[in-house]
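See structure below.
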Amino acid sequence: MRYAILQRGDSRSFPPGDPFLAGAIDAEAAEVVLHLGTKLVPDPGKAAVLIELGTECLGVHTGEHSGEEGSNVLGFTRYRNGSDPPSPLVELVRQPQTKHSAIDAAKSVFSGAGLTVVVCADFAGRIVDALVRPKYNAALRLLDEGLASAADIDLTCRLGLGYPDGPIERVVRGGLAHHHEISRALFEIYGTPGYAPARRAAVAAARRT
């Protein structure tokens, strides 16, 4: 499936030098168009139109219609732990009436680039951030409470749970201020205590400003 990229500024999913960028062709000849930092321009003539998301929902760009929204437009984000290189995982965001052919076209583009695609409904945080942000906040609060050192918390998770790295080292490596930004956005939307940014993340965000 041939794809085109319309881009303004840097993309978290595909930073400069990413081989995916080099595979793009002219928009008129492409079956799929990706918007990276540009305003969504619907095009019913394309197999799929994709827009890179931050923490926001796809509905922010398409509008919503009583649970009947959906077309050939999908959102996506490639999971990336802060400033780490992007992972191979792409979260593809659909709406209730999204065309199955559009989902298949989008999956073809990403899988053809060697990426792994999961499809999820349109909600802030999607799958990964909905799972990991409360975990990071809980680990940071345990550190604040003096339950154990950061090294011991991480070691326990690696040995006891089989994680490749511990939650403290992972969130610190990705950037505590970056974690604060995402966690705060999800807390403002959902109000769930687990999303409330931990103290250490708030300190890091304040120091960055």
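The values are calculated or read from the model by the stated rules, or taken from the named source; none is laboratory data. Every value quoted in this text rests on a predicted model; they were computed, and no experiment measured them. A quick note on method: Cβ atoms are made from the backbone with ideal geometry, for glycine too, and the neighbour counts reach across all protein chains shown.
What single numbered condition from (1) closer than 19 Å to residue 182 by Cβ; (2) assigned to a loop (DSSP other than H, G, I, E, B); (3) of a type outside the set (Phe, Trp, Tyr) fails to hold for residue 96?
For residue 96, the failing item is (1).
Of everything in segment 156-186 that's farther than 18 Å from residue 85 by Cβ and of a type in the set (Lys, Arg), which residue is surrounded by the most Cβ atoms within 10 Å (Cβ to Cβ)?
The qualifying residue surrounded by the most Cβ atoms within 10 Å (Cβ to Cβ) is 184.
From the list 91, 169, 145, which residue is under 13 Å from the mean Cα position of the chain (by Cα), farther than 22 Å from residue 44 by Cβ and not aliphatic (A, V, I, L, M)? It would help to see each step written out before you state the result.
Working: 169 fails: under 13 Å from the mean Cα position of the chain (by Cα); 145 fails: under 13 Å from the mean Cα position of the chain (by Cα).
None of the others qualify; the one that does is 91.
Go through the residues of segment 188-205 one by one and say whether even a single one is of a type in the set (Lys, Arg), part of a helix (DSSP H, G or I) and more than 23 Å from residue 87 (Cα to Cα).
Filtering segment 188-205 for residues of a type in the set (Lys, Arg) gives 199-200.
Now drop any that are not part of a helix (DSSP H, G or I), which leaves 199-200.
Subset that is more than 23 Å from residue 87 (Cα to Cα): 199-200.
For segment 188-205, residues of a type in the set (Lys, Arg), part of a helix (DSSP H, G or I) and more than 23 Å from residue 87 (Cα to Cα): present.
Yes or no: residue 106 in contact (Cβ under 8 Å) with a residue 60 or more places away in the chain, within 20 Å of the chain's Cα centre (by Cα) and part of a helix (DSSP H, G or I)?
Numbers: in contact (Cβ under 8 Å) with a residue 60 or more places away in the chain: yes; within 20 Å of the chain's Cα centre (by Cα): yes; part of a helix (DSSP H, G or I): yes.
It is true that residue 106 is in contact (Cβ under 8 Å) with a residue 60 or more places away in the chain, within 20 Å of the chain's Cα centre (by Cα) and part of a helix (DSSP H, G or I).
Answer yes if at least one residue in segment 61-73 is in the same structural domain as residue 15 (by TED's automatic domain parsing), under 14 Å from the mean Cα position of the chain (by Cα) and under 14 Å from residue 122 (Cα atoms), and no otherwise. Talk me through it step by step, then tell me what you get.
Quick first cut of segment 61-73, residues in the same structural domain as residue 15 (by TED's automatic domain parsing) only: 61-73.
Next, only the ones that are under 14 Å from the mean Cα position of the chain (by Cα) stay: none.
No, every residue in segment 61-73 fails to be in the same structural domain as residue 15 (by TED's automatic domain parsing), under 14 Å from the mean Cα position of the chain (by Cα) and under 14 Å from residue 122 (Cα atoms).
Regarding segment 132-145, can at least one residue be identified that is without any contact (Cβ under 8 Å) to a residue 24 or more places away in the chain and not in a helix (DSSP H, G or I)?
The answer is yes; a qualifying residue exists.
Hey, residue 153 hits all of (1) over 24 Å from residue 194 (Cβ atoms); (2) in a helix (DSSP H, G or I); (3) among the β-branched types (Val, Ile, Thr) but one; which does it fall short on?
(1)
Of the residues 8, 2, only one is in contact with a Gly (Cβ under 8 Å, 6 or more places away or on another chain) and basic (Lys, Arg); which?
Values: 2 fails: in contact with a Gly (Cβ under 8 Å, 6 or more places away or on another chain).
Within the list 8, 2, the selection yields 8.
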